[in-house]
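I have placed the structure first, in the form of structure tokens, so that the comments after it can refer back to it.
The values are calculated or read from the model by the stated rules, or taken from the named source; none is laboratory data. These numbers come from a predicted model, not from an experiment. When we count neighbours, we look across all protein chains shown, and the Cβ atoms used for this are built from the backbone with ideal geometry, even at glycine. Each accessible area value is taken on the protein alone, full model and side chains, heavy atoms only, with ligands, DNA and RNA left out. Shrake-Rupley method; radii C 1.70, N 1.55, O 1.52, S 1.80 Å.
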Amino acid sequence: MDTRIETLKPIFTANLFPKLEAMLLDLLRSLSPEDWETQTESPKWKVKDIAAHLLDTPLRGVSIGRDSYLPESPQIHSSAELAAYINRLNQEGVSVYRRLSPAVLISMMEVASKMLAEYHAARDPFAQAPFGVSWAGEDTSANWFDTAREYTERWHHQQQIRLAANRPGIMTRELYHPVLDCFLRALPFTYRNLSAKPGALVQIVISGECGGRWNLYRADDGWQLIGVPSGEKTSETTIPQEIAWRIFTKGIDRKSAESQVRVTGDAKLCLHVLGMISIVSG
């Protein structure tokens with residue numbers, strides 16, 4: 001590989017948690033009784049289910065990351081087994097916390113949000129995280145990546161509630177661009193089984209003020225995200241920012257997504273990004 005190629009820089013999101021969590025609390029306080037039971041784009045979850053999930057996960061995450069208090073877990077030998085285990089924990093948490101009244105849930109969320117923000121602010125961003133970011137193909141990850149992953153979880157689930165309850169979205173560059181930047185770190189893993197000649201360049205463009213351009217380069221030993229375009233451009237896919245987060249979180253069907261993107265060059269390389277999932281998913 002050309003030693004002049006610049007790899008991507010870390011994403012620092014710990015400072016964004018207080019603002020995002022304050023917006024979540026304001027959102028939950030604004031919901032009507034009908035809003036709480038509105039179906040979201042996630043087939044299994046209503047608004048209250050997502051709110052319960054957003055209460056459960058920081059309590060679990062801080063217990064593990066800050067206090068080294070690990071839940072019992074089965075032997076996990078594959079990404080499918082990991083996804084099944086995470087999905088089980090998520091559903092158990094939702095089942096428990098959706099029993100709470102909205103007022104009690106919000107009161108507990110105030111505590112959980114504060115603990116979560118303080119935990120991520122205190123982490124050494126370059127130390128090793130308790131778990132790797134599996135959807136990016138990493139067995140081990142730095143804390144900055146795990147923190148960014150958790151930030152995307154908080155952002156996209158809040159966005160799902162906003163979409164279902166007909167509230168304005170969180171479409172600002174400050175809060176949304178880091179989500180996209182983190183999601184797209186899954187590109188090399190997503191493309192790992194696609195062949196291309198060394199030096200090929202695939203560009204993914206997210207249009208809109210919150211978006212940007214990501215460069216996926218085929219090195220001799222596999223795909224790599226790079227900061228500055230290099231090599232021979234073989235394809236370009238442009239995705240509207242309004243649907244980008246939904247594509248990468250299984251919130252829109254492929255046919256609908258394909259009708260809204262623009263592609264030039266190698267169609268196979270262009271459209272493969274639409275199958276990228278940047279969440280732990282069974």
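Descriptive notes on the structure:
- Rounded, prolate or oblate (a/c below 1.5 giving rounded, otherwise prolate when a/b exceeds b/c) for the stretch 127-209 by Cα gyration tensor: oblate
- Antiparallel DSSP beta bridges within the chain, as percent of all bridges there, nearest 5: 70
- The chain: relative contact order in percent, alpha carbon pairs under 8 Å with at least 6 residues between: 20
- Given +1 at the Cβ of Lys and Arg, -1 at the Cβ of Asp and Glu and no other charges, the dipole of the chain around its Cα centre is 420 debye to the nearest 20.
- Helix 79-97 vs. the chain, principal-axis angle (Cα, 0 to 90°, nearest 10): 30
- Surface composition of the stretch 100-188: carbon plus sulfur atoms hold 57% of the accessible area, using a 1.4 angstrom probe and ignoring ligands, DNA and RNA.
- Within the straight-line cut-off of under 17 Å between alpha carbons, the lysines reachable from K44 are K250, sequence neighbours fewer than 8 places apart in one chain being disregarded.
- Cβ-based net charge around P71, under 15 Å, with every Lys or Arg adding one and every Asp or Glu removing one: -1
- In the structure shown, the pairs K9/K46; K48/K255; K197/K268 are assessed against 26 Å; a Cα-Cα span above that value is assigned to K9/K46; K48/K255.
- Degrees between helix 143-164 axis and first principal axis of the chain (Cα, 0 to 90, nearest 10): 70
- Carbon + sulfur, % of accessible area of the stretch 192-281 - ligands and nucleic acids excluded, 1.4 Å: 46
- Average accessible area per residue (Å²) across the stretch 14-90 - probe 1.4 Å, nucleic acids and ligands excluded: 53
- Cα long-axis angle, helix 173-183 against the chain (0 to 90 degrees, to the nearest 10): 70
- Between N15, S73, L31, the Cα set farthest toward the positive side of the dipole of the stretch 1-142 (charges on each charged residue's Cβ, about the Cα centre) is that of L31.
- Largest-first ellipsoid semi-axes for the chain, taking √(5λ) over the Cα gyration tensor eigenvalues, angstrom: 32, 22, 17
- Computed with every protein chain present, the accessible area of E41 is close to 50 Å² [probe 1.4 Å].
- The stretch 106-256 - accessible surface per residue (Å², probe 1.4 Å): 41
- Centroid-to-centroid separation of the stretch 67-91 and the stretch 204-282 [C-alpha atoms, Å]: 29
- Think of the stretch 67-191 as a dipole: +1 on every Lys or Arg Cβ, -1 on every Asp or Glu Cβ, centred on the Cα centre; then among A121, Q158, N87, Q158 lies furthest on the positive end.
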